[in-house]
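Enquirer: One structure follows; several queries about it will come next.
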Amino acid sequence: MKISSLDIPEEVIQFYQNSGIEELYPPQAEAMEKGLISGNNLLAAIPTASGKTLLAELAMLKSISQGGKALYIVPLRALASEKFDRFRQFSSIYIKDGGVKTGISTGDFESRDEWLGFNDIIVATSEKTDSLLRNSTNWMEDITCIVVDEVHLLDSAHRGPTLEVTLTKLIKLNQKCQIIALSATVGNAYEVADWLKAKLVLSEWRPTSLKEGVFYGGNINYRGSQQLINESSNDDATNILLDIIQDGGQCLVFESSRKNCVGFAKRAGRAIADQLDKKTRDALDFIVAEVMEAAESEASKVLAQCIRNGAAFHHAGLNSIHRRLVEKGFRDNLIKVICSTPTLAAGLNLPARRVIIRSYKRYDSNYGMQPIPVLEYKQMAGRAGRPHLDPYGESVLIAKSYNEMEALFENYIEADAEDIWSKLGTENALRTHILSTVVNGFATTRDGLMEFIEATFFAHQNDTWGIMEVVDECLEFLKNHDMLEGDENLLSTSFGRMVSMLYIDPLSGATIVEGLKKAKEPTDLTLIHLICKTPDMRQLYMRSNDYEIINDFVMAHADEFVEVPSQFKATEYEWFLGEVKTALLMLEWIGERSMDDISKKFNVGEGDIHAFADIAEWLMHAASRLAGLLQLEVKDDALILEKRIHYGAQRDLMELVMIRDIGRVRARKLYSAGFKTINDLKKADVVVIAKLIGSKTASKLFAEIGHHMKIPGDIDEVSSKTMGALLGNEQSTFSDFEK
């Protein structure tokens, strides 16, 4: 089917033709036949790289051309940024007054973001979409096309309930709205399509053929054929990797843990370094320089060394700048191999010719090492093969015996993805959504709540009589904590409305308010531990050598906690110690402890520290707002802590760290040198400031504070040759590089 034959505006046809797209893939043609651009709901369950995004784009652009507005829902912020960058290209399509406008919103869960309503396409995470509904954002009622990317995440215990309830609300709010659901792996696709009242496009077609095999006995074994792999090292995965790189391809390697990712990336780099030509090495040196510019820990030097050799690792412990640099280096075919935890398989567009799955087991804290689900394998294997670049794609599992090889064929390669199941039927999942459903008027009675739940995917799969008891438990909790009132008619209180708008679990709201009322002379520790008690806060695990240290800290600071549970209640006390450990990480962060020291002390990565800080900032904001509602004096203390958590700095740096791109490390250097305020900086010698924080940063700083001036060049430049020599020296340290 030619794209020129579609019933879409000529400007849209021209845009795709100029992009080199003349003809639709078979699954895309089937979607057209099933009414994609005629307004029908559609579930496309087709492999990665088979054109799911184009289906979404065509539906959105057709809807916009008819005066509508589109919402594109994704599970991850990184994926939101990727889609936003893509959709911004539509600004050249004039199917309305001006080109198609795209906006993005992923943070600040207490904001209506009314400004987004001026856009034609809005990209948002499912959590942000939920918060926009809770805050009664006006433009949500104008949405005419909703795209749900990675819809199989309905099965996720973490994200599934929010996605499910958000979709249910959007469908009730916009009953004539078109729903486009996308996934590469849905076992029970017919059931999901039936819930969404959608036509189903179910296909295994791929633009690049996928060969799935198992490495054993020196060969990649396929059903009916083998491929011999030369043994140039003692590591099977390294040999499989070298084979594809020597043939001009790139490789993704999936590992079971972060530690294993880093270890394999080091080995891979040493193995492939001599395969790189000078042009590639020079380009990699620029990436290395950018990595080190955004470095705050020793782990950054390890990443830089790997990248210089053409390899990289990728996991949630990296900071966001480093993740983006790795992804771009791989897309530009400079980095030849990325070793990743399964996070990379969850939606990001980074295909490679060969995917190696080094371990098909993952650690479970309750059961030890367990085989991964088929769905997860399919997600990883689906990354193999770059359309229009690779002649084929390959995914390779690794077996240690013939029996294991046969089991891998049967349990993964030849198996279907598991069915997805709603995770809405628990009190933890329902509590927050019942409150928001009442607050926003989607239900005002118990019967109304049950009617709302009847429209969910949970009710589509289960009899709702089993959930009635859970609903009643949630209602009892919300009434007991003064968030809802009434029997026949349910009404939200001002406290309940604020908890819902703040986008926190009602249990978090109750915990914070109870703690604020009990706290007599709250310190930083008091308030930070209070938010660490909430179910919304991510917790650090207790390790064997933590117990004595944390317990001693608790004994020394017992009067700063709202309440210390009895040590005779072993489970409760152990959970409390985990809360304290998490609070200590945050105290180190706002106390300006170096990122490297925090990483080593708590065994976390830079990305983890930022993730903890993001959640803590949001919860401290909630604490400040709730304290204001209750007219408690602690409101101002919480507000200051919120800012300190955002910047990871002490009080005296607040004026400096609020200057864009300065950050806490540079701010402390300036402060220690006597530049304590913006006025001090305005009077400063340009060269002195440039020597303290670098000429480029100094130039940005002076522009930010309204002083545009030329900074003498090369004050802090390090040539790529010097940098390469430094990174190649095993004796050098990160502090050496900073000097």
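The values are calculated or read from the model by the stated rules, or taken from the named source; none is laboratory data. Given the structure is predicted, the values throughout are model-derived calculations rather than measurements. FYI the Cβ positions are ideal-geometry reconstructions off the backbone, even for glycines, and counts take in every protein chain you see.
Enquirer: Take the residues in the stretch 218-231 that are farther than 20 Å from ALA381 by Cβ and in contact (Cβ under 8 Å) with a residue 12 or more places away in the chain, then tell me which one is surrounded by the most Cβ atoms within 10 Å (Cβ to Cβ).
Expert: Initial filter on the stretch 218-231 (farther than 20 Å from ALA381 by Cβ): 218, 228, 230-231.
Retained after the next criterion (residues that are in contact (Cβ under 8 Å) with a residue 12 or more places away in the chain): 218, 230-231.
Working: GLY218: 13, ASN230: 11, GLU231: 11.
Going through the qualifying residues, I end up with GLY218.
Enquirer: Return the total of residues in the stretch 416-440 being in a loop (DSSP other than H, G, I, E, B) and surrounded by fewer than 16 Cβ atoms within 10 Å (Cβ to Cβ).
Expert: 3
Enquirer: If PHE568 satisfies every condition in (1) surrounded by fewer than 18 Cβ atoms within 10 Å (Cβ to Cβ); (2) in contact (Cβ under 8 Å) with a residue 40 or more places away in the chain but one, which is the exception?
Expert: Here PHE568 clears every test but (2).
Enquirer: All but one of (1) in the same structural domain as SER131 (by TED's automatic domain parsing); (2) over 16 Å from GLN461 (Cα atoms); (3) free of Cβ contacts under 8 Å to residues at least 60 places away in the same chain hold for VAL147, so report the exception by its number.
Expert: So the condition that VAL147 fails would be (3).
Enquirer: I've got another one for you. Got at least one residue in the stretch 612-627 being farther than 18 Å from ASP536 by Cβ and in a helix (DSSP H, G or I)?
Expert: no
Enquirer: Is there a residue being surrounded by fewer than 19 Cβ atoms within 10 Å (Cβ to Cβ), in a helix (DSSP H, G or I) and under 31 Å from the mean Cα position of the chain (by Cα) anywhere in the stretch 441-453?
Expert: For the stretch 441-453, residues surrounded by fewer than 19 Cβ atoms within 10 Å (Cβ to Cβ), in a helix (DSSP H, G or I) and under 31 Å from the mean Cα position of the chain (by Cα): absent.
Enquirer: Another question, then. Could you tell me whether the stretch 390-406 includes any residue that is under 22 Å from LEU182 (Cα atoms), assigned to a loop (DSSP other than H, G, I, E, B) and either assigned by TED's automatic domain parsing to the domain that holds THR185 or more than 24 Å from the chain's Cα centre (by Cα) (or both)?
Expert: no
Enquirer: Please determine whether any residue of the stretch 233-253 is touching a Gly at 6+ places or on another chain (Cβ under 9 Å), closer than 21 Å to SER300 by Cβ and not in a helix (DSSP H, G or I).
Expert: no
Enquirer: Can you name the helices (runs of 4 or more DSSP H) wholly within the stretch 641-703 that have at least 3 residues being farther than 21 Å from ILE590 by Cα?
Expert: On the way: elements: 654-657, 663-672, 678-682, 686-693.
Hits in the stretch 641-703: 678-682, 686-693.
Enquirer: Which ones in the stretch 515-540 are exposed (fewer than 14 other Cβ atoms within 10 Å of the Cβ) and free of Cβ contacts under 8 Å to residues at least 60 places away in the same chain?
Expert: LYS518, LYS520, GLU521 - these are the residues of the stretch 515-540 that are exposed (fewer than 14 other Cβ atoms within 10 Å of the Cβ) and free of Cβ contacts under 8 Å to residues at least 60 places away in the same chain.
Enquirer: Continuing with the same structure: Which residue is surrounded by the fewest Cβ atoms within 10 Å (Cβ to Cβ), if the candidates are limited to the stretch 374-386 and must be assigned to a helix (DSSP H, G or I) and not hydroxyl-bearing (Ser, Thr, Tyr)?
Expert: VAL374
Enquirer: Would a scan of the stretch 313-324 turn up a residue that is hydrophobic (A, V, I, L, M, F, W, C), part of a strand (DSSP E or B) and more than 19 Å from GLY248 (Cβ to Cβ)?
Expert: First, pick out the residues of the stretch 313-324 that are hydrophobic (A, V, I, L, M, F, W, C): 313, 316, 318, 321.
Subsequent filtering for residues that are part of a strand (DSSP E or B) retains 313.
Those still in the list that are more than 19 Å from GLY248 (Cβ to Cβ) too: 313.
Scanning the stretch 313-324 turns up at least one residue that is hydrophobic (A, V, I, L, M, F, W, C), part of a strand (DSSP E or B) and more than 19 Å from GLY248 (Cβ to Cβ).
Enquirer: Is it the case, given these coordinates, that ALA59 is within 29 Å of the chain's Cα centre (by Cα) and not β-branched (Val, Ile, Thr)?
Expert: Spelling it out, ALA59 is indeed within 29 Å of the chain's Cα centre (by Cα) and not β-branched (Val, Ile, Thr).
Enquirer: Can I ask one more? Filter the stretch 657-671 down to the residues that are at negative phi and without any contact (Cβ under 8 Å) to a residue 24 or more places away in the chain, then identify the one that is surrounded by the fewest Cβ atoms within 10 Å (Cβ to Cβ).
Expert: Quick first cut of the stretch 657-671, residues at negative phi only: 657-660, 662, 664-671.
Adding the requirement that they be without any contact (Cβ under 8 Å) to a residue 24 or more places away in the chain leaves 657-658, 667, 670-671.
Values: VAL657: 23, MET658: 14, ALA667: 25, LEU670: 25, TYR671: 19.
Step by step, filter the stretch 657-671, then rank; the result is MET658.
Here's the yes/no breakdown for (1) in the same structural domain as ALA611 (by TED's automatic domain parsing); (2) in contact with a helix residue (DSSP H, G or I) (Cβ under 7 Å, 6 or more places away or on another chain); (3) surrounded by fewer than 17 Cβ atoms within 10 Å (Cβ to Cβ); (4) in contact (Cβ under 8 Å) with a residue 12 or more places away in the chain:
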{"site": "TYR16", "(1), (2), (3), (4)": "no, yes, no, yes"}
{"site": "GLN28", "(1), (2), (3), (4)": "no, yes, no, yes"}
{"site": "ASN40", "(1), (2), (3), (4)": "no, no, yes, yes"}
{"site": "ALA56", "(1), (2), (3), (4)": "no, no, no, yes"}
{"site": "SER65", "(1), (2), (3), (4)": "no, no, no, yes"}
{"site": "VAL100", "(1), (2), (3), (4)": "no, yes, no, yes"}
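Enquirer: Check off (1) assigned to a helix (DSSP H, G or I); (2) free of Cβ contacts under 8 Å to residues at least 24 places away in the same chain for ARG593 and give me the number that stays unchecked.
Expert: Unmet for ARG593, out of (1) assigned to a helix (DSSP H, G or I); (2) free of Cβ contacts under 8 Å to residues at least 24 places away in the same chain: (1).
Enquirer: Within the stretch 486-502, track down each residue that is without any contact (Cβ under 8 Å) to a residue 60 or more places away in the chain and closer than 18 Å to VAL513 by Cα.
Expert: SER492, THR493, ARG497
Enquirer: Still on this structure, please answer the following. Among the numbered conditions (1) farther than 25 Å from ASN135 by Cα; (2) at pLDDT 95 or above; (3) aliphatic (A, V, I, L, M), tell me where ALA519 comes up short.
Expert: Just one mismatch for ALA519, condition (2).
Enquirer: Filter the stretch 522-536 for residues that are among the polar types (S, T, N, Q) and either outside any helix (DSSP H, G or I) or modelled with pLDDT under 95 (or both); which is nearest to GLU476 (Cα to Cα)?
Expert: THR534
Enquirer: Would you be able to say whether some residue in the stretch 335-351 is surrounded by fewer than 22 Cβ atoms within 10 Å (Cβ to Cβ), modelled with pLDDT under 95 and part of a helix (DSSP H, G or I)?
Expert: yes
Enquirer: Output the residue which, of all residues in the stretch 555-575 that are charged (D, E, K, R) and touching a Pro at 6+ places or on another chain (Cβ under 9 Å), is modelled with the lowest pLDDT. Before you say what the answer is, go through the steps one by one.
Expert: In the first step, residues of the stretch 555-575 are kept if they are charged (D, E, K, R); the result is 559-560, 563, 569, 572, 574.
This time we only want the ones that are touching a Pro at 6+ places or on another chain (Cβ under 9 Å), so: 560, 572.
Values: GLU560: 95, GLU572: 91.
Among those residues, the one meeting the criterion is GLU572.
Enquirer: (1) modelled with pLDDT of 90 or more; (2) surrounded by 14 or more Cβ atoms within 10 Å (Cβ to Cβ): which one isn't true of ASN679, the others all being true?
Expert: Result: ASN679 passes all but (2).
Enquirer: So, of the residues in the stretch 117-135 that are without any contact (Cβ under 8 Å) to a residue 60 or more places away in the chain, more than 18 Å from the chain's Cα centre (by Cα) and under 20 Å from ASN440 (Cα atoms), which turns out to be surrounded by the fewest Cβ atoms within 10 Å (Cβ to Cβ)?
Expert: Out of the qualifying residues, it is GLY117.
Enquirer: Hey, another quick one. Among the residues that make up the stretch 246-257, is at least one of them buried (at least 21 other Cβ atoms within 10 Å of the Cβ) and hydroxyl-bearing (Ser, Thr, Tyr)?
Expert: No: the stretch 246-257 contains no residue that is buried (at least 21 other Cβ atoms within 10 Å of the Cβ) and hydroxyl-bearing (Ser, Thr, Tyr).
Enquirer: Tally time: how many residues in the stretch 358-373 are within 22 Å of the chain's Cα centre (by Cα) and either basic (Lys, Arg) or crowded, with 18+ Cβ neighbours inside 10 Å (or both)? Full working, then the answer.
Expert: At the first step, the residues of the stretch 358-373 found to be within 22 Å of the chain's Cα centre (by Cα) are 362-364, 372-373.
Applying the additional criterion that residues be either basic (Lys, Arg) or crowded, with 18+ Cβ neighbours inside 10 Å (or both) yields 362, 372.
Qualifying residue count, the stretch 358-373: 2.
Enquirer: Among the listed residues ILE73, ILE104, which satisfies the condition of being at pLDDT below 95, buried (at least 19 other Cβ atoms within 10 Å of the Cβ) and either in a strand (DSSP E or B) or hydrophobic (A, V, I, L, M, F, W, C) (or both)?
Expert: Answer to the selection: ILE104.
Enquirer: Scan (1) of a type in the set (S, T, N, Q); (2) over 26 Å from ALA407 (Cα atoms); (3) surrounded by 15 or more Cβ atoms within 10 Å (Cβ to Cβ) for the single condition THR185 breaks and write down its number.
Expert: Condition (2) is where THR185 drops out.
Enquirer: Can you work out which of the residues in the stretch 415-461 that are acidic (Asp, Glu) and in contact (Cβ under 8 Å) with a residue 24 or more places away in the chain is farthest from TYR377 (Cα to Cα)?
Expert: GLU427
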